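Read-outs throughout are calculated quantities, based only on the coordinates presented, and are distinct from any laboratory measurement. Note that the structure is a prediction, hence the values are computed from the model and not measured. Because the Cβ atoms are built from the backbone with ideal geometry, glycine has one as well, and the counts that use them run over all protein chains shown.
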Amino acid sequence: MLVMAMAAGSLVAGSVGALGSYVSGQDQASRSAGIGVTVAALESATAASAAPSARRQNGRIAYMGFLEKNGQVYTILPRGGGRQRLTDKDKFNNLPDWSPSGRKIVYGYFVDDALEFVIMRRDGTRKRQITHNGRGGAHPAWSPCGARIVFSEHDGNDFELYTIRRDGSDRQRLTRNGVDDLHADWSPNCKRIAYDADDGNDYEIYTIRRNGGGKQQVTDNQIDDILPSYSPSGERLAFESGRTDGEVFVQRADGTARRQITHNSTDTGQPSWSPNGKRIAYIDGADVDIYTIKLNGGGRRQITHTLMEEIFPKWGARVR
């Protein structure tokens with residue numbers, strides 16, 4: 001999942017051709033999916049009346065799967081079964097994330113060789129494009145407070161972090177540092193954003209305030225640490241770590257108490273914490289399927305069982 005991490009500079013405004021090179025070669029693609037899809041493709045809480053509750057009930061898992069070489073958005077029940085494809089198989093769709101209510105999904109799709117963002121209902125209806133800028137944004141993450149979406153966008157030199165309102169307005173730039181800032185995730189109280197960035201030697205995880213200030217580095221291991229996912233309490237981060245073969249780790253949000261969760265012989269990563277905080281979804285296996293696991297590393301459960309690659313799981317809340 002880490003091989004193409006160093007190819008960030010090869011992106012040209014999220015070209016379809018770059019994504020095509022990602023799709024070819026299952027072994028390399030599965031290792032590079034963590035950063036590769038983004039770089040090869042690639043807050044205001046005052047609008048909400050209150051911060052979201054720390055723990056919710058588990059709903060469906062959204063993910064990106066490949067159908068006839070095109071990326072598609074699917075959802076599946078948290079124990080497997082009930083798979084639904086939500087997007088058009090004739091277009092490249094990718095990188096979904098849930099609204100805090102679990103009723104809507106934001107995802108990316110290609111328009112004129114640029115990745116734009118679309119919001120749809122959880123059943124795939126009422127699709128609405130919210131960006132129209134042609135800049136090649138990627139990896140949208142919906143804030144738990146519901147007001148804003150953070151994403152990475154190429155500024156002509158590298159990827160930086162931005163936020164927009166959920167209707168696509170009020171675009172705000174958060175980072176400006178000359179390196180790729182990728183795979184952002186919100187803290188549950190919407191006050192901080194975790195992401196990974198190239199420090200010149202490898203990718204490490206950082207957090208910033210929702211206005212872009214207060215940058216803190218929370219990993220420093222001489223290996224790639226990527227794809228952070230906040231726990232529902234906000235006290236911990238799950239992330240992928242490794243030089244070539246990834247594994248899932250968990251640590252406190254301040255960078256202490258690092259602990260390895262998975263111990264597999266195949267590439268593993270792209271964690272997404274369950275809304276109730278008891279399990280983590282991730283990808284693993286020769287065919288790149290989605291699994292879930294308990295925080296103690298036990299109870300490993302395979303969720304998808306297909307021959308296509310299924311990547312970037314995002315665990316949504318149950319709709320009440």
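Numbers for the structure displayed
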{"quantity": "Linear extension gain, residue 103 paired with residue 171, 0.36 nm per residue minus alpha-carbon span", "calculated": "22.1 nm"}
{"quantity": "Burial ranking of peptide ranges 303-311, 291-299 (average Cβ count within 10 Å, highest at the top)", "calculated": "303-311, 291-299"}
{"quantity": "Between the stretch 155-234 and the stretch 66-128, the alpha-carbon center distance in angstrom", "calculated": "23"}
{"quantity": "Within-9-Å neighbourhood charge of residue 60 [Cβ basis; K, R +1; D, E -1]", "calculated": "+2"}
{"quantity": "Protection proxy ranking of 114-126, 255-267, 154-166 - average other beta-carbon atoms within 10 Å, highest first", "calculated": "154-166, 114-126, 255-267"}
{"quantity": "The stretch 136-273 shape via C-alpha gyration tensor axes, a/c threshold 1.5", "calculated": "prolate"}
{"quantity": "Listed peptides 170-182, 273-285 by packing density, highest first (mean Cβ within 10 Å)", "calculated": "273-285, 170-182"}
{"quantity": "Inter-label distance, nm, simple model (7 Å from Cα along the C-beta direction), residue 199/residue 263", "calculated": "2.7"}
{"quantity": "Tensor-based shape of the stretch 257-320 (alpha-carbon gyration tensor, a/c under 1.5 rounded, otherwise prolate or oblate)", "calculated": "oblate"}
{"quantity": "Computed over the stretch 194-320: relative contact order in percent, which uses C-alpha pairs under 8 Å that are six or more apart", "calculated": "15"}
{"quantity": "Reachable lysines, given that their alpha-carbon falls under 29 Å from the alpha-carbon of residue 69 and they are not under 8 places away in the same chain", "calculated": "89, 91, 104, 127, 314"}
{"quantity": "Cα gyration tensor category, rounded, prolate or oblate, for the stretch 217-313 with a/c compared to 1.5", "calculated": "oblate"}
{"quantity": "Estimated inter-spin distance, residue 113 and residue 233, nm [label 7 Å along Cα→Cβ]", "calculated": "5.0"}
